[in-house]
Amino acid sequence: MPLVKVSRRGANRLKDGHVWVYRSDIVDAKGIAPGALVAVADEREKPLGTALYSSASQIAIRMISTEAVTDLFSLIRKRIQEAIAYRERVVRDTDAYRIVFSEADFLPGLIVDRYNDLLSLQVLTQAMDTDVVRQAILAELSERLAPQAIAERVDPRVRELEQLPARSSSLLRGEKTSTIFTMNGVRFHHEALEGQKTGAFLDQRENYAAAAQYARGEALDVFCYHGGFALHLAPQCSKVTGVDSSLPALEVADRNAELNGRNIEWIEANAFDLLRDYASAGQKYDTIVLDPPAFAKSKSNLETALRGYKELNLRALRMLRPGGILVTCSCSYHVSPSDFLQVVTQAAQDTHRTVRLLESRTQAKDHPILLTVPETAYLKCVILSVS
Ligand code: SAH
């Protein structure tokens, strides 16, 4: 097996429990093939474990074991078994959840989501794209979970960055492309080869149930996508409106409302414009959900992202009636929980509202957070009482 030597800084990072070494901390990786399984050692050749190599990414190696690995096929299968066993312990009230969450399951570069009888996977690195790894993944998932079909969702930009040949989203096993899944008793349509990410935002599942506990009166779900929050709030609320800029997303949201026998109003609009117009027209709500896309895609646009979050939260706070509920989210890893709370605090100060923290939440437990890999924690969901 080829050997990759890492600098003292890289070695220390691994000893601290992280699983990445950046290219700038690689001392020697000459001639190593893209996606290769490599032994990792420090500058004195003390072994540090086994990793997957990328020739393209700034993250040159991602650890897959702290030990020597000879049989990658079996290791991948074992890691998938462990990931499935973990979900059996922590996931409740759903047949849709993340089965493999990349680094957090020691399968860096692989995402697998389950939607009832369909599985959706995403391959994000050179190593996960190799034939042996793909075969191990498909064999284990088919054997353990016996899905009706397994779809691969391709993000063309990721493949380009990893210098992998273009590939389109397709079914890798089976023929079924649509199903219905259920979370917290709410039903959703799923199309294996359509929609964003692998189809739904499963990371919000536990937050939907939490938000529903406080929701009441007239509710506005901003950035509603397929209606995850709106559908969960509907039983507690007198009226629910969902807003998104994507018409295809709203069409699915509407079918979901029908599937659950709910009457929800959907508005296709730019959320920033709509909130500004509604706020200046004096429109009021009792419950508002804000779940925008990641504004900070990198550290460099953190300031702009924070301004975006501030503006949304300011407008929402202005529109809440006394005793109202604000459910406000950020899925930008680069915005820390304390940055986010600070922005919301500033919005509370600027609007002179008294805001009480009901719950400070994160991603659902099937998206595990590894304490030694901070990048695995990205979702913030804060529930506030506003008077
Ligand atoms: N709350 C959703 C997930 C939201 S993802 C759920 O729980 O499933 C972010 C959504 O914001 C996407 O559906 C995207 O179409 C929408 N979006 C992005 N920019 C927008 C904008 N400027 N105005 C309104 N919607 C926008």
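Where a number appears in this text, it was derived from the coordinates with a stated rule and is not lab data. Predicted, not measured: the structure shown is a model, and the values here were computed from it. Positions of Cβ are backbone-derived with ideal geometry, glycine not excepted, and every protein chain shown enters the neighbour counts.
For segment 152-288, build the convex hull from the C-alpha positions and give me its volume per residue in Å³.
Each residue corresponds to 124 Å³ of Cα convex hull volume.
How high is the FRET efficiency from Ser298 to Glu191, r the C-beta distance, R0 25 Å, rounded to 0.05?
Efficiency, rounded to the nearest 0.05: 0.25.
At 7 Å along Cα-to-Cβ for each site, give me the label-to-label distance between Lys310 and Gln148 in nm.
It works out to 4.9 nm between the two label points.
Would you mind ranking Ile369, Ile264 so that the residue whose beta carbon has the fewest other beta carbons within 10 Å leads the list?
Ile369, Ile264
Exposure proxy check: His190, His352 ranked by fewest other beta carbons within 10 Å?
Lowest count first: His352, His190.
Contour minus end-to-end for Asn12 and Asp95, with contour as 0.36 nm per residue of separation and end-to-end as the Cα-Cα distance?
Taking 0.36 nm per residue and subtracting the Cα distance, the gain is 25.9 nm.
Could you give the distance between the Cα centres of segment 177-235 and segment 250-302, to the whole Å?
Answer, in whole Å: 13.
Sticking with the crude label model, points 7 Å out along Cα→Cβ, report the distance from Glu258 to Ser55 in nm, one decimal please.
The modelled label-to-label distance comes out at 5.1 nm.
Which is the longest stretch in the chain that no exposed loop site breaks, taking sites as GluC sites (Glu not before Pro) with a DSSP loop state and at most 12 other Cβ atoms within 10 Å?
Result, exposed sites excluded: 176-387.
Would you calculate, for the chain, the mean residue ellipticity at 222 nm contributed by helices, counting each DSSP H stretch of 4 or more residues as -39,500 (n - 2.57) and dividing by all residues, to the nearest 500?
Calculated mean residue ellipticity at 222 nm is -9500 deg cm²/dmol.
Taking only C-alpha pairs under 8 Å that are 6+ residues apart, what is the relative contact order of the chain in percent?
Relative contact order here is 11 percent.
Grab the beta carbon distance between Leu357 and Ser178, set R0 = 45 Å, and tell me the FRET efficiency rounded to 0.05.
Rounded to the nearest 0.05, the efficiency is 0.65.
Full extension from Leu138 to Thr345: what is 0.36 nm times the residue separation minus their Cα-Cα distance, to one decimal in nm?
Contour length minus Cα-Cα distance gives 69.8 nm.
Taking the Kirkwood radius as the inverse of the mean 1/r across Cα pairs, report the Rg/Rh of the chain.
Answer for the chain: 1.00.
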